[in-house]
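**Q** Sharing a structure, written as structure tokens. Questions coming.
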Amino acid sequence: MITSLSLAAYAACVAWAGPRVLVRASRLHRAPVLAVAVWLALGLSFALAVMLTLYGLAMPSEHLHIVVVDLLRSCGVHGGSVSAAADRFALLWPAGVLAALLACLGCRLAVNRRARARHRHAVDLVGRHVAELGVTVLPYDLPAAYCLPGRGSRIVVTDAALRRLTPAQLGAVLEHERGHIAGRHHLVLAVTDAFRYVFRGVPLAREIHQQTHALLEMAADDRALRTHGRDALAGALVELARAATPKGALAASGHTAMLRMRRILGPQHRPHLFLRAGMTVAAGTTPLVPLVIACGVQAG
């Protein structure tokens, strides 16, 4: 029972205090890809803590460190014997959480894939392909640019965007969208969306989706800035500010534009080696904390 209470306290700390700390850590924006890894690691750590807590509450007389050994053995990592006292019914609680997460993830992937497929079909019917730019152009009076990631990916721009954007601005926007496609950012957002749905009401679940979305936009910005100037990308964001993004698509514009604008035009700080190392260690070790608690408290 002490172990379960310790895990519950850790989960509560991660769910409420963790997001506050990370949201205020603006230095994480210097390495957005690593920052996404830290957020995902925090979410995984919370989910593991919840699952182990549920098992511990269902089996208060069972030693959680034995359960961890059982799990390791089932994965072929540990050679010890499986606990004969483990109640299979108690495993349904953590298994239910895992099943809910996987089901929501599969649902979000399927819904977004269908939405992109429908929109891609409509774009191919109405738009015209411009091979030299690698984009599909739509006849529309509002400047807009977005990508449809996944299989058969497309980068879509409107006639108005071609007229309003300078060549440098257009190049920056297109490189931004290529960053989304190459990084498979839609898959990461589907994971955080599923997490948000299963654990809705928990601050971590809300923040992990919002912050990951903003960080992935920053990562795409960084790709564009490697080959284009800051003024070009910032100017493109201003021109595309009013554009809407279709369901399942990713765009350079959006509600994160102001935050990214300040980052683009502000002082450019490269992430320090120690910052990158710390973020890497945090992303790699945070999911292990619930397992350490489950084993360490009981052993103590």
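The values are calculated or read from the model by the stated rules, or taken from the named source; none is laboratory data. What you are looking at is a predicted structure, and each value in this text was computed from that prediction instead of being measured. Using ideal geometry, Cβ is built from the backbone for each residue, glycine included, and neighbour counts are taken over all protein chains shown.
**Q** If I ask for residues that are of a type in the set (Ser, Thr, Tyr) and either in contact with a helix residue (DSSP H, G or I) (Cβ under 6 Å, 6 or more places away or on another chain) or at pLDDT 95 or above (or both), which ones from segment 228-258 would you list?
**A** Result: 256, single match.
**Q** So, in segment 191-210, how many residues would count as being under 30 Å from residue 232 (Cα atoms) and crowded, with 22+ Cβ neighbours inside 10 Å?
**A** Total meeting the criteria: 1.
**Q** Could you check residue 21 against (1) without any contact (Cβ under 8 Å) to a residue 24 or more places away in the chain; (2) among the β-branched types (Val, Ile, Thr); (3) within 11 Å of residue 293 (Cα to Cα) and say which number it fails?
**A** The number of the failed condition is (3).
**Q** Here's something else I'd like to know. Just to be sure before I move on: is residue 267 more than 22 Å from the chain's Cα centre (by Cα) and more than 30 Å from residue 97 (Cα to Cα) in the structure I sent?
**A** Criteria met by residue 267.
**Q** Scan segment 236-259 residue by residue and report those that are without any contact (Cβ under 8 Å) to a residue 40 or more places away in the chain and assigned to a helix (DSSP H, G or I).
**A** Hits for segment 236-259 are 237, 238, 257, 258.
**Q** Restricting to segment 227-252, what's the tally of residues that are over 30 Å from residue 111 (Cα atoms) and surrounded by fewer than 16 Cβ atoms within 10 Å (Cβ to Cβ)?
**A** Number satisfying all stated conditions: 4.
**Q** How many residues does segment 113-147 contain that are among the small types (Gly, Ala, Ser) and surrounded by fewer than 18 Cβ atoms within 10 Å (Cβ to Cβ)? Steps first, answer last, please.
**A** Of all residues in segment 113-147, those among the small types (Gly, Ala, Ser) come to 115, 117, 122, 127, 131, 134, 144-145.
If we keep only those that are surrounded by fewer than 18 Cβ atoms within 10 Å (Cβ to Cβ) too, we end up with 115, 117, 122, 131, 134.
Within segment 113-147, residues that are among the small types (Gly, Ala, Ser) and surrounded by fewer than 18 Cβ atoms within 10 Å (Cβ to Cβ) number 5.
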